[in-house]
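Asks: My questions will all concern the structure given below.
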Amino acid sequence: MIMSTFDYTAGPTVATRARLGVIILQSDETLEHDLRRMIPEDGVGVYASRIPNAPEVSSETLAEMAGVLTHTAGLLPTRTDYDVVGYGCTSGTAVIGADRIAGMIHDGCNTGHVTEPLTALIAACKALNLKKIAFLSPYVEEVSNRLRQRLDDAGIATPLFGSFNEAIESQVARIDGDSVMAAATTLYESGDCDGIFMSCTNLQTLNVIAELEDRCGCPVLSSNLVLAWHMMTLSGLSSHNPQLGSLLRH
């Protein structure tokens, strides 16, 4: 065997414009795919770390992630200073608390900003002047109650609530677009709201947002949409993507 050794020239990493980190649930099959669709590729590094989570969703199992969140953030590439790190769990944020999540992620890695779907949703509602939203969740009502209370504390009412009543996380990624479209439409048409929010990073929502906006005549938001938008906004990237609805036209 002949072995050759070569010199090399060091150049920049792929992240010449922005460095983004994201902490994704181990069971999540949707968020990573959606982020690739929304975040620009040219010069933007997106680095993911997976956090263990229980197969069944409850307030108790969501709270368990707090015990490993700092460690999971530390598994992101360590020689990188991040513009933004996002935590990809909407209901988990409501249970653990946005401030506590930010502190634990800052303890695990170097980042200028931390966000998650709850903080991102509140920012998106403010940007679109939404005060009252129809709230669609895949989960049992007990899991969503804490999240709805957090929104209410921020001045965002959720008078219309609907659920697929699913407690098994792996099943959430199997809920198809037609089911999401039908449920969100029926929910919105049952009362008076400014917009629609579809919760959960594992729920497939991106393909229905534009059509749902056309059908209902209102802004439509989802966990993955607002998280990507907020990460791009905080890092100074343009989030303009009119095909994905009002927020990315804003």
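Asks: Give all pairs with beta carbons closer than 8 Å in which a residue from region 121-150 that is free of Cβ contacts under 8 Å to residues at least 40 places away in the same chain meets a residue that is assigned to a strand (DSSP E or B); count only pairs at least 6 apart in sequence or on separate chains.
Replies: These pairs meet every condition: GLU141/PHE161; GLU141/SER163; GLU141/ASN165; ARG148/PHE135; ARG148/THR158; ARG148/PHE161.
Asks: Can you go through SER199, SER144 and tell me which one is touching a helix residue (DSSP H, G or I) at 6+ places or on another chain (Cβ under 6 Å), buried (at least 23 other Cβ atoms within 10 Å of the Cβ) and not acidic (Asp, Glu)?
Replies: SER199
Asks: Could you run through region 73-98 and say how many residues are in a helix (DSSP H, G or I) and either touching a Gly at 6+ places or on another chain (Cβ under 7 Å) or among the hydrophobic types (A, V, I, L, M, F, W, C) (or both)? Break it down into steps so the answer makes sense when it comes.
Replies: First pass over region 73-98, keeping only residues in a helix (DSSP H, G or I): 73, 90-96, 98.
Among the residues that remain, those that are also either touching a Gly at 6+ places or on another chain (Cβ under 7 Å) or among the hydrophobic types (A, V, I, L, M, F, W, C) (or both) are: 73, 94-96, 98.
Result for region 73-98: 5.
Asks: A further question follows. Give region 11-46 a look and list any residue that's part of a strand (DSSP E or B), within 30 Å of THR61 (Cβ to Cβ) and in contact with a Ser or Thr (Cβ under 9 Å, 6 or more places away or on another chain), or say none.
Replies: Kept after step one, since they are part of a strand (DSSP E or B), are these residues of region 11-46: 18-25, 44-46.
Retained after the next criterion (residues that are within 30 Å of THR61 (Cβ to Cβ)): 20-25, 46.
LEU20, GLY21, VAL22, ILE23, ILE24, LEU25 - these are the residues of region 11-46 that are part of a strand (DSSP E or B), within 30 Å of THR61 (Cβ to Cβ) and in contact with a Ser or Thr (Cβ under 9 Å, 6 or more places away or on another chain).
Asks: Provide a single number: the residues in region 118-135 that are touching a Phe, Trp or Tyr at 6+ places or on another chain (Cβ under 9 Å) and closer than 12 Å to HIS230 by Cβ.
Replies: 6
Asks: What residue, among those in region 161-182 that are among the β-branched types (Val, Ile, Thr) and closer than 24 Å to ARG215 by Cβ, is surrounded by the fewest Cβ atoms within 10 Å (Cβ to Cβ)?
Replies: Residue satisfying both the conditions and the ranking: ILE175.
Let's see how each residue does on (1) crowded, with 23+ Cβ neighbours inside 10 Å; (2) within 17 Å of the chain's Cα centre (by Cα):
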{"site": "GLU64", "(1), (2)": "no, no"}
{"site": "THR70", "(1), (2)": "no, no"}
{"site": "ASP83", "(1), (2)": "no, yes"}
{"site": "CYS125", "(1), (2)": "yes, yes"}
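Asks: Further, regarding this structure: For a quick check of your reading: which strands (runs of 3 or more DSSP E) sit entirely within region 148-250 and have at least 2 residues that are at positive phi and basic (Lys, Arg)?
Replies: Qualifying strands (runs of 3 or more DSSP E): none found.
Asks: Report yes if some residue within region 99-117 is within 19 Å of GLN204 (Cα to Cα), assigned to a loop (DSSP other than H, G, I, E, B) and touching a Phe, Trp or Tyr at 6+ places or on another chain (Cβ under 8 Å); otherwise report no.
Replies: The answer is yes, given that some residue of region 99-117 is within 19 Å of GLN204 (Cα to Cα), assigned to a loop (DSSP other than H, G, I, E, B) and touching a Phe, Trp or Tyr at 6+ places or on another chain (Cβ under 8 Å).
Asks: A further question follows. Go through (1) without any contact (Cβ under 8 Å) to a residue 60 or more places away in the chain; (2) farther than 28 Å from LEU151 by Cβ and name the single condition THR80 misses.
Replies: The number of the failed condition is (1).
Asks: For MET232, are the conditions met, namely being closer than 30 Å to PRO55 by Cβ and at pLDDT 95 or above?
Replies: Taking the combined requirement at face value, the residue does not satisfy it.
Asks: Looking only at region 31-69, which residues are of a type in the set (A, V, I, L, M) and touching a residue at least 60 places away in the same chain (Cβ under 8 Å)?
Replies: Answer for region 31-69, where residues must be of a type in the set (A, V, I, L, M) and touching a residue at least 60 places away in the same chain (Cβ under 8 Å): LEU31, LEU35, MET38, ILE39, VAL44, ALA54, VAL57, LEU62.
Asks: Given the options GLU41, GLU32, name the one that is under 17 Å from LEU225 (Cα atoms) and surrounded by 11 or more Cβ atoms within 10 Å (Cβ to Cβ).
Replies: GLU32
Asks: Is it the case that region 135-151 has a residue that's among the basic types (Lys, Arg) and outside the structural domain of GLU166 (by TED's automatic domain parsing)?
Replies: Just the residues of region 135-151 that are among the basic types (Lys, Arg), to begin with: 146, 148, 150.
Narrowing further to those that are outside the structural domain of GLU166 (by TED's automatic domain parsing): none.
Checking region 135-151: not a single residue is among the basic types (Lys, Arg) and outside the structural domain of GLU166 (by TED's automatic domain parsing).
Asks: Among THR186, THR158, which is in contact (Cβ under 8 Å) with a residue 24 or more places away in the chain, farther than 17 Å from THR30 by Cα, of a type outside the set (Lys, Arg) and crowded, with 17+ Cβ neighbours inside 10 Å? Spell out how you get there, then give the answer.
Replies: Details: THR186 fails: crowded, with 17+ Cβ neighbours inside 10 Å.
When all the criteria are applied, what remains is THR158.
The values are calculated or read from the model by the stated rules, or taken from the named source; none is laboratory data. Every value quoted in this text rests on a predicted model; they were computed, and no experiment measured them. Neighbour counts are summed over all protein chains in view; Cβ atoms, including those assigned to glycine, are modelled from backbone coordinates with ideal geometry.
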